[in-house]
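See structure below.
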Amino acid sequence: MSWFIRTAALVAATAIVAYGVATTEDRTDPRWLALLLMLALLWGIALWPSLGRQVRTMDRTMVHVVAAFGVGFLLVGAQLVRVQALDRERIQSRIYSTGTEVVADPRRQALEEESQRGRILASDGTVIAETQMGDDGRPRRVYPFGPAAYLAGYYSPALYGATNLELSYDAALSGRSEARRLREWVDGILNRPTPGYDIVLTIDPELQSQADRLLGGRPGGIVVLDAHTGAVLAMASAPTFDPNQLSVGTTASEEELTAARTYWESLQQSNDGRLVLRPTQGRYPPGSTFKTITLAGALESGLATLDKVYRDEGALTVDSRVIIEQNRPDPNRVSYTLEEGYGYSLNVVFAQLGLELGASRLTEAAQRFGFGEPIPFDLPVAPSALSVSPEHLTSPAGLAETSFGQGQLLVTPLQMALVTAAVVNDGQIAVPRLVDRIQTPAGEVVDQRQPETWRRAMSADTAAQIERAMRWSVEQGYASGAQIPGAIVGGKTGTAEVGDRPPHAWFIGFAGREEPQYVVAVVVENAGSGSEVALPIGKALLEAALQR
């Protein structure tokens, strides 16, 4: 066999190894195993001995057997290198659920506890989570700042693993960072415990405390953002859980394990979603706050302007569905501009607008805001949905009710905060971020997060028109309760019907001094009117943000 063919086979084998490591998950990935078979063929071509005719048949057979075994040992070696060197971190950090408990590598957990897991801090250094040594000399994860403890999640290596930031940033909190890979490798070789890195959040502890207090334990969620940077200043959820009661390490006593199991069972039996972080994972019908997206679609497509006049006589029949108008400010008046229809939250006006817009353009408008996609964030986010069943928007009645915020719509509070942020950020949506930086225990920055743009939802001109409509809603419409002296304020209330139960109360809004800067999204489950319940919460938080 020519040297050229052998060299080409070796080069191809090397390329396959590099490709497999870069594109496959681990050593059991079916693609990696298929690549190993190709590797065996190429190594066989490259290493197969060329024997002259003078070599005896028996000797020839023995040489070929040795060559085959040699290729086999090379394959085993490649797999062992993959397991020992490349997949070591993944294998060690795997967590398996048995249904009632979580099983992980106890040696790794014990090492992480010994190496002092990093802290989770608010923007001003307030400790949200840290590891403390008890009187008995055993480490324990504690969460001293209750209003944001559930954002940190829980760290329960002996029973339930981790969740929220404790899970998302487990590597950094455990002392692993791509930026310091070499130093960590040296520590591992020398068997030195690597102290965990601290995670510093964008959360303002005063705003967070106020948001948590304003919810008052009522089921719901709140998000306060800096519209231009995407920094989350407050993210409140209720009801929630106490991670201190789930924090049990590998050295926990049987009494501590029993207490944690009892608390976990109570959370499972409560049926009120305490483990659900509502701002990112709670999905709700948005009510009239969705009119913001319908309006964006109409303005962006050139279908309508804010001055366009619509007729609203108090009811509109679409197919067999009768849409009753309950929001007209004057029962004797039947004509309203689109801007007034938004500010007075007229369902009949927006039903007509949605029918003019059509299912395709309404869908495109929602998708530009990120509907149907996971929002890039430091915590898992449930995608918002325009409809549950695809055929819903194909019916005029379904399209009409979706256009004013009902139908099968499901959104997260974070999604609606980003919709509002796009309005005051010239149509662009910044990537929302809860983590500002990762640093050493001494304060040396390892990784600093920078503001990034996620997507453009609409043109700057369309955003300016919607900002005008939201300001009109506060200055003259039904969101007038959100006015803040000396500030630019815009907003939209929503009262989302949910069958026979009381409606969800919604408010989205923005505020700033010289220009809008802060945005808020508030939902309180089954609480009634958005203007009476959610709006005062949103206003109070915008006021507090302006005073930062």
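Please go through segment 436-448 and pick out each residue that is aliphatic (A, V, I, L, M) and not in a strand (DSSP E or B).
The answer is Ala442, and nothing else.
Run down Leu165, Leu121, Leu201 and say which single residue is at pLDDT 90 or above, farther than 21 Å from Arg261 by Cα and out of contact with any helix residue (DSSP H, G or I) (no Cβ under 8 Å at 6 or more places or on another chain).
After applying the criteria, what remains is Leu121.
In segment 522-542, which residues are hydrophobic (A, V, I, L, M, F, W, C) and in contact with a Gly (Cβ under 8 Å, 6 or more places away or on another chain)?
Within segment 522-542, Val522, Val523, Val524, Ala527, Ala534, Leu535, Leu542 meet the criteria.
So which residues in segment 488-523 are crowded, with 20+ Cβ neighbours inside 10 Å and not in a strand (DSSP E or B), if there are any at all?
Selection gives Pro516, Gln517.
Considering only residues that are farther than 16 Å from Ala400 by Cβ and either hydroxyl-bearing (Ser, Thr, Tyr) or in contact with a Pro (Cβ under 6 Å, 6 or more places away or on another chain) (or both), look in segment 290-340 and name the one that is surrounded by the fewest Cβ atoms within 10 Å (Cβ to Cβ).
Ranking the qualifying residues of segment 290-340, first place goes to Ser335.
Under the condition of being surrounded by 15 or more Cβ atoms within 10 Å (Cβ to Cβ) and among the β-branched types (Val, Ile, Thr), which residue from segment 240-277 is nearest to Val142 (Cα to Cα)?
Val248
Please tell me if Arg433 is in contact with a Gly (Cβ under 6 Å, 6 or more places away or on another chain) and within 17 Å of Tyr344 (Cβ to Cβ).
Criteria not met by Arg433.
Pairs, please: C-beta under 7 Å, at least 6 apart or cross-chain, first residue farther than 24 Å from Arg361 by Cα and at pLDDT below 95 and in segment 449-461, second β-branched (Val, Ile, Thr) and not in a loop (DSSP other than H, G, I, E, B)?
From residues that are farther than 24 Å from Arg361 by Cα and at pLDDT below 95, the pairs are Arg449/Val435.
Those residues that are part of a helix (DSSP H, G or I) and over 20 Å from Gly146 (Cα atoms), I need them from segment 245-263; list them, please.
Glu254, Glu255, Glu256, Leu257, Thr258, Arg261, Thr262
Conditions tested, residue by residue: (1) in a strand (DSSP E or B); (2) of a type in the set (A, V, I, L, M, F, W, C); (3) touching a residue at least 40 places away in the same chain (Cβ under 8 Å).
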residue: Gly196; (1), (2), (3): no, no, yes
residue: Val200; (1), (2), (3): yes, yes, yes
residue: Leu207; (1), (2), (3): no, yes, yes
residue: Gly217; (1), (2), (3): no, no, no
residue: Ile222; (1), (2), (3): yes, yes, yes
residue: Met235; (1), (2), (3): yes, yes, yes
residue: Phe241; (1), (2), (3): no, yes, yes
residue: Glu265; (1), (2), (3): no, no, no
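Any idea how many residues of segment 267-297 are without any contact (Cβ under 8 Å) to a residue 60 or more places away in the chain and either in a helix (DSSP H, G or I) or among the basic types (Lys, Arg) (or both)?
Qualifying residue count for the region: 5.
Within the set of pairs 6+ apart or on separate chains, which have a first residue in segment 467-481 that is polar (S, T, N, Q), a second that is in a loop (DSSP other than H, G, I, E, B), and C-beta atoms under 7 Å apart?
Going by the 7 Å Cβ cut-off, the qualifying pairs are Ser473/Ala479.
Hey, could you check segment 524-533 for residues that are without any contact (Cβ under 8 Å) to a residue 60 or more places away in the chain and assigned to a helix (DSSP H, G or I) and say which is nearest to Arg278 (Cα to Cα)?
Val533
If you go through segment 501-524, how many residues are at pLDDT below 95 and aliphatic (A, V, I, L, M)?
Total satisfying the criteria: 0.
One residue is enough: does segment 369-376 have a residue meeting the conditions more than 30 Å from Pro279 (Cβ to Cβ), surrounded by fewer than 23 Cβ atoms within 10 Å (Cβ to Cβ) and modelled with pLDDT under 95?
Within segment 369-376, not a single residue is more than 30 Å from Pro279 (Cβ to Cβ), surrounded by fewer than 23 Cβ atoms within 10 Å (Cβ to Cβ) and modelled with pLDDT under 95.
If we keep just the residues of segment 411-435 that are in contact with an Asp or Glu (Cβ under 9 Å, 6 or more places away or on another chain) and part of a helix (DSSP H, G or I), which is surrounded by the most Cβ atoms within 10 Å (Cβ to Cβ)?
This residue is Val423.
Restricting attention to segment 421-443, does a residue exist that is closer than 21 Å to Lys539 by Cβ and out of contact with any helix residue (DSSP H, G or I) (no Cβ under 9 Å at 6 or more places or on another chain)?
For segment 421-443, residues closer than 21 Å to Lys539 by Cβ and out of contact with any helix residue (DSSP H, G or I) (no Cβ under 9 Å at 6 or more places or on another chain): present.
Looking only at segment 213-231, which residues are in contact with a Lys or Arg (Cβ under 7 Å, 6 or more places away or on another chain) and under 19 Å from Thr126 (Cβ atoms)?
The one that is in contact with a Lys or Arg (Cβ under 7 Å, 6 or more places away or on another chain) and under 19 Å from Thr126 (Cβ atoms): Ala231.
Among the residues of segment 341-379, what is the count of those that are more than 15 Å from Gln406 (Cα to Cα) and assigned to a loop (DSSP other than H, G, I, E, B)?
12
For segment 382-410, enumerate the residues that are touching a residue at least 12 places away in the same chain (Cβ under 8 Å), surrounded by fewer than 18 Cβ atoms within 10 Å (Cβ to Cβ) and over 23 Å from the mean Cα position of the chain (by Cα).
Residues satisfying the conditions are Ser389, Thr394, Ser395, Pro396.
Is it true that some residue in segment 265-282 is within 30 Å of Phe404 (Cα to Cα) and aliphatic (A, V, I, L, M)?
yes
Among the residues of segment 380-400, which ones are under 21 Å from Glu325 (Cα atoms) and either in contact with a strand residue (DSSP E or B) (Cβ under 7 Å, 6 or more places away or on another chain) or assigned to a loop (DSSP other than H, G, I, E, B) (or both)?
Correct list: Ser395, Pro396, Ala397, Ala400.
The values are calculated or read from the model by the stated rules, or taken from the named source; none is laboratory data. Please read these numbers as outputs of a predicted model, since none were measured by experiment. So basically every Cβ, Gly included, is an ideal-geometry build from the backbone, and we count neighbours across all protein chains shown.
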